Amino acid sequence: AHLILERGVPAQACLAITFSRRAAEELRERLAALLPAGAGECAIHTFHSLGLAFLHAENAAAGLPADFRIADERERAAVLAVELGVSQGKAARLLKAVSLSKRTGVPPADEDSAAALAACRRLGRAGHWVGFDDLIGLPAEVLENDPAVAARWRQRFRHVCVDEFQDLDAQQYRLLQLLAPLAASVCAIGDPNQAIYGFRGADATLFARFAQDFPGARTLRLGRNYRSSGSIVSAAAQ
């Protein structure tokens, strides 16, 4: 709202990314109250809804038909079990390994998981579906490999704000880097002490990477707690 009302930035040039649909809806409600009618509309997304919007707009570049769909975990486990000739339980376990590999960008450590990753890609192409993690990985691949598409999206968003930065995984950070040109204004808000999702690929060391990759960014530390009593803060600080 500050950028639009006080800095003259077009609303369409602003992208806000948060981590849940509920938070994204709250952002929309807040901005609707802050901005006058006719001010335009910011793009407000979760990382996955942003990836989905990207793939709908750039499905050809991603090698997807216009009517592609998102397959849930149960469906993917069922077709993977048939493809690999394993039980549903083992297929579900392999899918978790595939998901972690996609989130972190680290290749699977064992042959079964590597075979499952290759099978998921093959089955998805044949069935015209993508998995949940593909909503991040596929847009990143397109942005890396198609300069025309990358230029179009980088020109679109000149100001990018990311909430809950401590929850980003490597692929989400990669997507952020590819979307934000060097000339863009990028704001990341987060607290490494609240990083609790390492088990699913989140990486709090991305704060240090952000400082390296965006050397012009200032660091503003919010050190006053307005939520908790002094005794809670003192205990937590230990």
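The values are calculated or read from the model by the stated rules, or taken from the named source; none is laboratory data. It should be emphasised that the depicted structure is a prediction, and the values quoted were computed from it without experimental measurement. Using ideal geometry, Cβ is built from the backbone for each residue, glycine included, and neighbour counts are taken over all protein chains shown. Just so you know, the surface numbers come from the protein's heavy atoms only, side chains and all, with ligands and any DNA or RNA stripped out. Shrake-Rupley method; radii C 1.70, N 1.55, O 1.52, S 1.80 Å.
Key figures
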| read-out | value |
| --- | --- |
| Residue count, region 143-163 (criterion: open to solvent by 10 Å² or more (accessible area, probe 1.4 Å), in contact (Cβ under 8 Å) with a residue 60 or more places away in the chain and more than 17 Å from ALA217 (Cα to Cα)) | 3 |
| Region 164-183, subset of a type in the set (Gly, Ala, Ser) and either assigned to a helix (DSSP H, G or I) or open to solvent by 20 Å² or more (accessible area, probe 1.4 Å) (or both), residue nearest to ASP203 (Cα to Cα) | ALA170 |
| Meets criteria (in a helix (DSSP H, G or I) and of a type in the set (A, V, I, L, M)) for LEU64 | no |
| Qualifying residue in region 16-32 (condition: at pLDDT below 95, at positive phi and touching a helix residue (DSSP H, G or I) at 6+ places or on another chain (Cβ under 9 Å)) | no |
| Per-region count, region 202-225, residues in a loop (DSSP other than H, G, I, E, B), hydrophobic (A, V, I, L, M, F, W, C) and either at pLDDT below 90 or more than 23 Å from ALA237 (Cβ to Cβ) (or both) | 4 |
| Residue list for region 185-199, filter: touching a helix residue (DSSP H, G or I) at 6+ places or on another chain (Cβ under 7 Å) and not aromatic (Phe, Trp, Tyr) | ALA188, ILE189, GLY190, ASP191, PRO192, GLN194, ALA195 |
| Filtered residues of region 53-73 (kept if surrounded by 18 or more Cβ atoms within 10 Å (Cβ to Cβ) and more than 16 Å from VAL149 (Cβ to Cβ)) | PHE68, ALA71 |
| Any hit, region 127-140, residues being open to solvent by 80 Å² or more (accessible area, probe 1.4 Å), acidic (Asp, Glu) and on the phi < 0 side of the Ramachandran plot | no |
| Candidates ALA109, ALA39, ALA91, ALA43, filtered to the one that is open to solvent by less than 40 Å² (accessible area, probe 1.4 Å), of a type in the set (A, V, I, L, M) and over 29 Å from TRP153 (Cβ atoms) | ALA91 |
| Any hit, region 184-201, residues being buried (at least 21 other Cβ atoms within 10 Å of the Cβ), of a type in the set (Phe, Trp, Tyr) and in a helix (DSSP H, G or I) | no |
